[in-house]
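What follows is a single structure, written as structure tokens, with notes after it.
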Amino acid sequence: MLRRGHEVTAVDVDADGVTIHGLRARWLVACDGAHSTVRRLLGVPFPGRTETYVATLAHIRLATASPLVPARAAHFSQVTRQVDGYWSMLTPLGDGGHRFVFGSTTRQPGRDAPVSDAEVTEALTALYGPETRLGEVYGASRFNDATRQLEQYRHGRVLFAGDAAHIHPPLGGQGLNLGVQDAMNLGWKLAATVRGTAPSGLLDTYQAERHPAAERVLRHTAAQRVFTAPGRGENVEALREIVVDLLRLPDANRYFSGLLSGLGLDYPGARRVPDLDLTTASGPTRLSTLLRDGRGLLLDLGDHATPPGFTGQVGVVRAATGDPEYRGRLLLVRPDGYAADPAELGRWFG
């Protein structure tokens, strides 16, 4: 059931469930964003750092452009400007539009204040000269560099996910991936809990796995803000050059790529598995296709005996793969795509 257009004004939680607007549920998952109403109504603290600036992101088209406007996309250090209290990054998008990120050390609009064409025009003129004139704004929003995280993602029968549980500067665009992984991690564990098939402590692993994952993102976005903060000095520029040199090394590049994409994240006792190309008795397929039913999977890529304790808790598929790292192995794949030790079948699936 979907109820649209209803503002949540009260959340009543007891030992057996949650009541909102007369609707009764055994569990509530709060995915209501950085300004979470559920979090506020429950009085749950949201500790962290308040913002030091508010910035504007506008997707624009220019009517005319001065020579100061970058002609092509480049590293952010080559498309940034600071003039008269303004700072900006202006990046051509290749379709005739530009991504215009700007802020001011003297003008600080509210986080939720609407973005006007006049405001964008004023910033463009100050930064790129009167020869640069705005054609249109076809999308605009604001963001800040606040960093916060709940200490506990579960409060009785209420669980928090996504921006309701953590916020950070949008550097690297990691927020969406972080929230989706929260949902994938929590979804199958909560479903098993509701069905009554979850082993003891399964729901607690949501906190144990996802809180450190978000904490890690908060730490490295804090590091990134050093390089992108307005008014960075010579020492920061020198440090940035060293980091750029490190990124040219294959191992360092692989590490940072995994950090930013989330593909380098493993949990204690569970490792991320790539979307393997597989060949089964029914023909070619992929691991993601086999996981579409939302169940766990015992994936036999060799010729293994069924592990002790197996009573049909998960699907069983025999397949072959050309990936040498996984060829011949027996994998216990959780519904969120992470592989655990088959000997721990009972820990994850009862």
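Per-structure values
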| read-out | value |
| --- | --- |
| Matching entry among GLY162, GLY156, GLY172 (being touching a residue at least 40 places away in the same chain (Cβ under 8 Å), in contact with a helix residue (DSSP H, G or I) (Cβ under 6 Å, 6 or more places away or on another chain) and surrounded by fewer than 17 Cβ atoms within 10 Å (Cβ to Cβ)) | GLY172 |
| Residues being surrounded by fewer than 19 Cβ atoms within 10 Å (Cβ to Cβ) and either outside the structural domain of ASP84 (by TED's automatic domain parsing) or farther than 17 Å from PRO170 by Cβ (or both) - total across the stretch 110-140 | 18 |
| Filtered residues of the stretch 304-331 (kept if free of Cβ contacts under 8 Å to residues at least 24 places away in the same chain and on the phi > 0 side of the Ramachandran plot) | GLY312 |
| Counted residues, the stretch 320-347 - those being under 19 Å from GLY294 (Cβ atoms) and in a loop (DSSP other than H, G, I, E, B) | 4 |
| Wholly enclosed strands (runs of 3 or more DSSP E) of the stretch 1-115 bearing at least 3 residues on the phi < 0 side of the Ramachandran plot and of a type in the set (Ser, Thr, Tyr) | 86-92 |
| The one condition in (1) surrounded by fewer than 15 Cβ atoms within 10 Å (Cβ to Cβ); (2) in the same structural domain as LEU159 (by TED's automatic domain parsing) that THR37 fails to fulfil | (1) |
| Any hit, the stretch 96-106, residues being surrounded by 14 or more Cβ atoms within 10 Å (Cβ to Cβ) and in contact (Cβ under 8 Å) with a residue 60 or more places away in the chain | yes |
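Residue-wise test of (1) buried (at least 17 other Cβ atoms within 10 Å of the Cβ); (2) in contact with a helix residue (DSSP H, G or I) (Cβ under 6 Å, 6 or more places away or on another chain); (3) under 25 Å from ARG148 (Cα atoms); (4) of a type in the set (A, V, I, L, M).
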{"residue": "ALA55", "(1), (2), (3), (4)": "yes, no, yes, yes"}
{"residue": "ALA63", "(1), (2), (3), (4)": "no, no, no, yes"}
{"residue": "ALA71", "(1), (2), (3), (4)": "no, no, no, yes"}
{"residue": "ALA74", "(1), (2), (3), (4)": "no, no, no, yes"}
{"residue": "ARG81", "(1), (2), (3), (4)": "no, yes, no, no"}
{"residue": "ASP84", "(1), (2), (3), (4)": "no, yes, no, no"}
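The values are calculated or read from the model by the stated rules, or taken from the named source; none is laboratory data. The structure displayed is predicted, hence computed values, not measured ones. Note that each Cβ is placed from the backbone with ideal geometry, even for glycine, and that neighbours are counted across all protein chains shown.
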